[in-house]
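Working notes, structure below.
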Amino acid sequence: MSETVAEMIPATADLSQLREIAAGCTACGLYKTGTQTVFGEGAPRAQILFVGEQPGDKEDLAGRPFVGPAGRLLDGALEEAGIDRTTVYVTNVVKHFKWEPRGKRRIHKKPNAAEITACKPWLEAEIDRVDPQVVVALGATAAQALLGRSFRVSKQRGQFVEWPAPGGRLVTATVHPSSILRAPDDERDAQLTEFTRDLTLVAKELEG
Ligand code: URA
């Protein structure tokens, strides 16, 4: 049987050691179809840590999170909200790309509960090592992984929830940038404005 992620993580491992160990992760079946583990990256002591769902097609090939279209939208919104992208950390709940073929394309498939549970210790270890002041869940998968299955992004986005951890960490959730890319043309601008507003709230929260 494959080792669980929790068994793979030495208590003393720092972020770069975690990344190296995660590269060989076989704790769920997704390593068979994903090109590589896509571990989080960014400022090692970031004040803000963003959590997406899973790497997309571009991220799977590059081995880096949020480098495709959703990442570009996030970059633009961060700039608009006055958050320096080089000061944040970005990662995903699930570290391998789950997809199904459609013609020649690889179409994103939602990770299931077992895959999310198997992968979660990586996310918990990243949050522990980075020790951010605010964790921002992007979309329902990340929000529910962090805040429980009853969390509804549509109703609770932009709220700040205290995380039971030393240092008084906060968790908040907003929509996933991919959902804005998928929005009908006549709704996209409004959705982007709301997303940027949520990020602005995060910046304000950090200013105190
Ligand atoms: N969507 C995600 O949730 N994460 C990525 O890294 C890219 C797209």
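See the values below:
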{"item": "Residue within the stretch 113-126 that is among the aliphatic types (A, V, I, L, M), under 22 Å from T87 (Cα atoms) and either crowded, with 17+ Cβ neighbours inside 10 Å or touching a Phe, Trp or Tyr at 6+ places or on another chain (Cβ under 6 Å) (or both) present", "result": "yes"}
{"item": "Evaluation of E59 against (1) surrounded by fewer than 19 Cβ atoms within 10 Å (Cβ to Cβ); (2) touching a residue at least 12 places away in the same chain (Cβ under 8 Å); (3) charged (D, E, K, R) (one fails), failing number", "result": "(1)"}
{"item": "Candidate set: the stretch 39-98, residues that are among the acidic types (D, E) and within 11 Å of the ligand (Cβ to nearest atom); chosen: the one farthest from A183 (Cα to Cα)", "result": "E41"}
{"item": "Qualifying residue in the stretch 109-119 (condition: more than 15 Å from the ligand (Cβ to nearest atom) and either at pLDDT below 95 or of a type in the set (D, E, K, R) (or both))", "result": "no"}
{"item": "Within the stretch 44-117, strands (runs of 3 or more DSSP E) holding 1 or more residues that are among the small types (G, A, S) and in contact with a strand residue (DSSP E or B) (Cβ under 9 Å, 6 or more places away or on another chain)", "result": "48-52"}
{"item": "Any hit, the stretch 86-95, residues being touching a Ser or Thr at 6+ places or on another chain (Cβ under 7 Å), over 26 Å from L192 (Cβ atoms) and surrounded by 15 or more Cβ atoms within 10 Å (Cβ to Cβ)", "result": "yes"}
{"item": "Number of the exception - H96 against (1) closer than 15 Å to A118 by Cβ; (2) out of contact with any helix residue (DSSP H, G or I) (no Cβ under 8 Å at 6 or more places or on another chain)", "result": "(2)"}
{"item": "Per-region count, the stretch 9-46, residues hydrophobic (A, V, I, L, M, F, W, C), in contact with a helix residue (DSSP H, G or I) (Cβ under 9 Å, 6 or more places away or on another chain) and without any contact (Cβ under 8 Å) to a residue 24 or more places away in the chain", "result": "1"}
{"item": "Selected residue (criterion: nearest to W122 (Cα to Cα)) from residues of the stretch 13-34 that are touching an Asp or Glu at 6+ places or on another chain (Cβ under 7 Å) and not aliphatic (A, V, I, L, M)", "result": "C28"}
{"item": "Wholly within the stretch 128-208, helices (runs of 4 or more DSSP H) carrying at least 2 residues that are surrounded by 12 or more Cβ atoms within 10 Å (Cβ to Cβ) and within 16 Å of the ligand (Cβ to nearest atom)", "result": "140-147, 177-182, 185-207"}
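The values are calculated or read from the model by the stated rules, or taken from the named source; none is laboratory data. Note that the structure is predicted; figures quoted are calculated from it, not measured. We place every Cβ from the backbone using ideal geometry, glycine too, and count neighbours over all the protein chains shown.
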